[in-house]
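Take a look at the structure set out below.
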Amino acid sequence: MSKVKTMSEALDLIQDGAVVATTGFVHWALPDEVFKAVEDRFLETGHPANLECVFTGSAGLNGTGYDRWGHKGLIGKVIAGHIGLTPNIPALINANECQAYNYPLGVIAELFRCSIQGRKGLMTKVGLRTFVDPRLEGGKMNAVTTEDLVKVVEFDGEEWLYYPTPKFDIAIIRATTADKDGNLSLEHESGRLDPKNVAMAVRAAGGKVIAQVKYISDTKLPAASVEVPGYFVDAVVESKEPEKYHRMTTNVFFDKKYCGMIDAPVDALKPLPLNVRKVIARRCAMELTPASLVNLGIGIPELVATVAGEEGFAQEMTLTSEDGIVGGMPGSGDLFGAGLNSSATVTMPEIFDIYNGGNLDLAVLGLAEVNQKGDNNVGKFGPKIPGCGGFINISQSTPKVVFCGAFTAGGSKYEIGNGELHIVQEGKAKKFVKEVQQVTYSGEYGASVGQKVLYVTERAVFELTKDGLMLIEKAPGVDLQKDILDQMEFTPIISPDLKEMDARIFREEKMGLTIG
């Protein structure tokens, strides 16, 4: 019997109160036509209602994916890694109109495997002493979320966190092509991501799997091309408007470069202008080493790859992204999660195996709020609650981490050139504060396990020590007291060997930087 169904037949599988697992990393692997159809049915009939939604990254972007489901009554609970790109979901959470938990993205990817293996939960050190730890917040995101799902357990004399495996009812996934037996291939997708794991997890729990595809093949797909076996799929729906609902990004319907079919010329990349973002990225690039495996976070960290390209050593390292891209140049903005000229793609759970195992040589991640202990908050800013994403997995497990960002926020102006930095106008908000709003990274934990951690800004570089943050470098041209210490809510340890940052960072021309 053919598994190709109408959209209405597929939606009939989704009952009120269902625990729904979905794919989607921004637009990558986003089954947006199904998301829209669920929204339309809910607005017309009030069903399906009270769904419990489990997902890794922000599935959708400003009006697509989960942004469509931001209606009171449609969602009853969220367990997610990142929600910052779908603003209707944070709005729902802030209004206390659903329960919500924020877990590390890699933990959710692993919970799918726990379901496949029949394991009741995941025991891991990921999240210890961060806001996910129940001794802090337990990952709870609002006042109506009261149950401590995450527990602290002791095993073999050590502390661990225990995350229970959800009992899934429905999977909504995306692929490129399906045959009538439900076998799925991913030839036009940006990578392998996690549709197979999500499908297998839900079927292992006794649930049903819905797959949105671009094409239906009249013949059986070659076994070598199948990513998700048809056994694990219950309903295949063909997109009726793929250019609307089966896109790679907001601006790209399909491009061979983003699914590894062709390489892109790297000399087409424009050099970065000399501004504060480039200054920070240059200082971070100085921490790279040859033949290293690296993860770059979103925002300023992405620019480290561009600097490496400008300086001519990008090929000497291997970059990765959380959705499984290995090698090449990672995308930025709504292309985050895609890659150009990648060497390979692995599944999302496999890339987090690498991260969780401490196999990265370096991670360059964002910096938003830092306190004297070295705690870093990147997941909560008043009503803005983007979530931690893969930040905790990566920052907590990597032996060497560089957090980077501007020293202050909101209206800073600078003069940069001739090897110096001058502050023309100070930012309105301090980033080095007495108390962070959320502990997304624990400095105490990092120091206790011997991590090498730097905090890089345009005017100062700090290092994590067992006694807290130590200032180890300042930019040429800045005043230590006025431009650094007076702009902090605490006094850091000041290295007795305080150095100036490399003057080449603050010049227009290439640095002539080499690594190794």
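Quick notes on this structure:
- Whichever residue in the range 27-62 is touching a strand residue (DSSP E or B) at 6+ places or on another chain (Cβ under 6 Å) and β-branched (Val, Ile, Thr) and, among such residues, is nearest to residue 247 (Cα to Cα): 34
- Among the residues of the range 285-327, those that are of a type outside the set (A, V, I, L, M) and surrounded by 24 or more Cβ atoms within 10 Å (Cβ to Cβ) comprise 295, 297, 301, 320, 321, 322, 323, 324.
- Qualifying positions in the range 447-469 - part of a strand (DSSP E or B) and either more than 22 Å from residue 419 (Cβ to Cβ) or aromatic (Phe, Trp, Tyr) (or both): 452, 453, 455, 462, 463, 464, 465, 468, 469
- Out of 484, 494, 472, sole residue that is within 32 Å of the chain's Cα centre (by Cα), among the β-branched types (Val, Ile, Thr), more than 25 Å from residue 271 (Cα to Cα) and part of a strand (DSSP E or B): 472
- Residue ID - surrounded by the most Cβ atoms within 10 Å (Cβ to Cβ), chosen from residues in the range 23-47 that are within 26 Å of the chain's Cα centre (by Cα) and of a type in the set (Asp, Glu): 32
- Test: residue in the range 366-377 that is of a type in the set (D, E, K, R) and under 19 Å from residue 125 (Cα atoms): yes
- Some residue of the range 338-354 being closer than 17 Å to residue 365 by Cβ, in contact with a Phe, Trp or Tyr (Cβ under 7 Å, 6 or more places away or on another chain) and in contact (Cβ under 8 Å) with a residue 40 or more places away in the chain: no
- The listed residues are 488, 501, 511, and the only one of them that is within 23 Å of residue 287 (Cβ to Cβ), not small (Gly, Ala, Ser) and not assigned by TED's automatic domain parsing to the domain that holds residue 293 turns out to be 511.
- Of all residues making up the range 421-436, the number that are of a type outside the set (Lys, Arg) and surrounded by fewer than 16 Cβ atoms within 10 Å (Cβ to Cβ): 4
- Once the range 84-98 is narrowed to residues that are in contact with a helix residue (DSSP H, G or I) (Cβ under 6 Å, 6 or more places away or on another chain) and under 8 Å from residue 70 (Cα atoms), the residue that is surrounded by the most Cβ atoms within 10 Å (Cβ to Cβ) is 89.
- Test: residue in the range 194-213 that is assigned to a loop (DSSP other than H, G, I, E, B), touching a strand residue (DSSP E or B) at 6+ places or on another chain (Cβ under 8 Å) and crowded, with 22+ Cβ neighbours inside 10 Å: yes
The values are calculated or read from the model by the stated rules, or taken from the named source; none is laboratory data. Quick caveat: nothing in here was measured; it's all calculated off a predicted structure. In this analysis, Cβ positions are derived from the backbone assuming ideal geometry, glycine residues included, and neighbour counts consider all displayed protein chains.
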